[in-house]
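> Below is a structure I'd like to ask you about.
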Amino acid sequence: MNTIEISKQREQDAILFLLNKIKPIFEMPNVTDIWVDDGVVSFKEFGKKRTETDIFLNEQECINIIKNIANHMDVTIDMNKYPVLEGTIPCWDARITGVRKWVKYPYITIRKRPSKIYTLNDYIEKGQLSIEKANLIREYIANKKNILVSGGTGSGKSTFTTAILCEMAKY
């Protein structure tokens with residue numbers, strides 16, 4: 001390894017060390033979202049509501065996570081114009097958003113890729129989609145109609161759209 005590669009590896013190791021407290025949550029297969037809000041760590045599993053944990057990250061730990069990932073990405077966080085980090089956590093293949101201003105405490109969200117591709121039937125089984133609505137989506141697909149998926153941050157738009165795309169592959 002050359003010096004640049006060694007430096008990047010050290011940065012990754014430092015990031016993984018900083019994220020060590022939430023690693024067990026990240027490794028849970030059905031977890032799709034992790035939040036650090038006022039230092040309290042919570043998570044969401046596919047088909048379930050947000051769950052608060054007893055894990056706490058202090059303000060400096062949150063700042064260090066945001067700063068180290070920004071540094072690894074060669075991104076400067078401008079505290080006056082846009083004090084937000086939007087990027088990817090190396091080694092975890094997960095998206096991260098970290099906010100350092102506008103809130104009293106650094107805020108972090110981590111969006112993990114689902115461990116599996118969910119189908120419309122998975123949504124039906126979890127009680128998140130009725131059979132009637134699933135059949136309507138299938139009818140729209142068969143008739144080549146447009147389908148619009150919308151929702152708030154972390155509501156599952158991408159995961160649900162992937163389920164629709166999987167259904168489209170059958171036609």
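The values are calculated or read from the model by the stated rules, or taken from the named source; none is laboratory data. Since the model is a prediction, treat every value here as computed from it, not as a measurement. Neighbour counts run over all protein chains shown; Cβ positions are idealised from the backbone, glycine included. We work out accessible area using only protein heavy atoms, side chains counted, and drop any ligands, DNA or RNA first. Shrake-Rupley method; radii C 1.70, N 1.55, O 1.52, S 1.80 Å.
> Evaluate the relative contact order of the chain (contact order divided by residue number), counting alpha-carbon pairs under 8 angstrom at least 6 apart; express in whole percent.
This gives 18 percent for the chain.
> Can you run phi through the Karplus equation (6.51, -1.76, 1.60; θ = phi - 60°) for segment 80-86 and list ³J(HN,Hα) in whole Hz, with x for Gly and Pro?
9, 8, 8, x, 10, 9, 10
> Tell me the angle of helix 157-168 to the major Cα principal axis of the chain, expressed in degrees between 0 and 90 and rounded to the nearest ten.
It works out to around 40 degrees.
> Once you sort the root eigenvalues of the Cα gyration tensor of segment 1-64 as a ≥ b ≥ c, which label holds: rounded (a/c under 1.5), prolate (a/b larger than b/c) or oblate (the other case)?
oblate
> Turning to a different aspect of this structure: Hey, in the GNM for the chain with a 10 angstrom Cα cutoff, which one of ALA94, ALA142, ALA70 fluctuates hardest?
ALA142
> Only Lys, Arg, Asp and Glu count, each charged at its Cβ (+1, +1, -1, -1), so figure out the dipole size of the chain about its Cα centre, rounded to 20 debye.
I would put it at about 500 debye.
> Out of VAL36, VAL149, VAL75, any idea which swings most in a Gaussian network model of the chain, alpha carbons joined below 10 Å?
VAL149
> Need the list of aspartates and glutamates near LYS44 for cross-linking: C-alpha distance under 16 angstrom, and skip anything on the same chain fewer than eight residues off.
Qualifying aspartates and glutamates at Cα under 16 Å: GLU27, ASP33, GLU52, ASP54.
> Another question about this same structure. Anything over 32 Å Cα to Cα? Flag those among LYS23/LYS133; LYS104/LYS157; LYS81/LYS112; LYS101/LYS157; LYS8/LYS81; LYS67/LYS126, in the order listed.
Working: LYS23/LYS133 36 Å; LYS104/LYS157 29 Å; LYS81/LYS112 28 Å; LYS101/LYS157 27 Å; LYS8/LYS81 27 Å; LYS67/LYS126 38 Å.
Those over the limit are LYS23/LYS133; LYS67/LYS126.
> Now a separate question. Tell me which of ASN68, ILE131, PRO106 sits at the most positive position along the dipole axis of segment 38-171, charges placed on C-beta atoms (Lys, Arg +1; Asp, Glu -1).
ILE131
> Then there is this: Using a probe radius of 1.4 Å on heavy atoms only, what accessible surface per residue do you get for segment 46-110? Whole Å² is fine.
Roughly 60 Å² per residue, with all protein chains present.
> Right, something else. Would you mind calculating the relative contact order of segment 1-93 from Cα pairs under 8 angstrom and at least 6 residues apart, reporting the percent as a whole number?
22
> Let me ask you something else. How large, in percent, is the carbon and sulfur part of the accessible surface of the chain at a probe radius of 1.4 Å?
Numbers: 5480 of 10640 Å².
Carbon and sulfur: 52 percent of the exposed surface of the chain.
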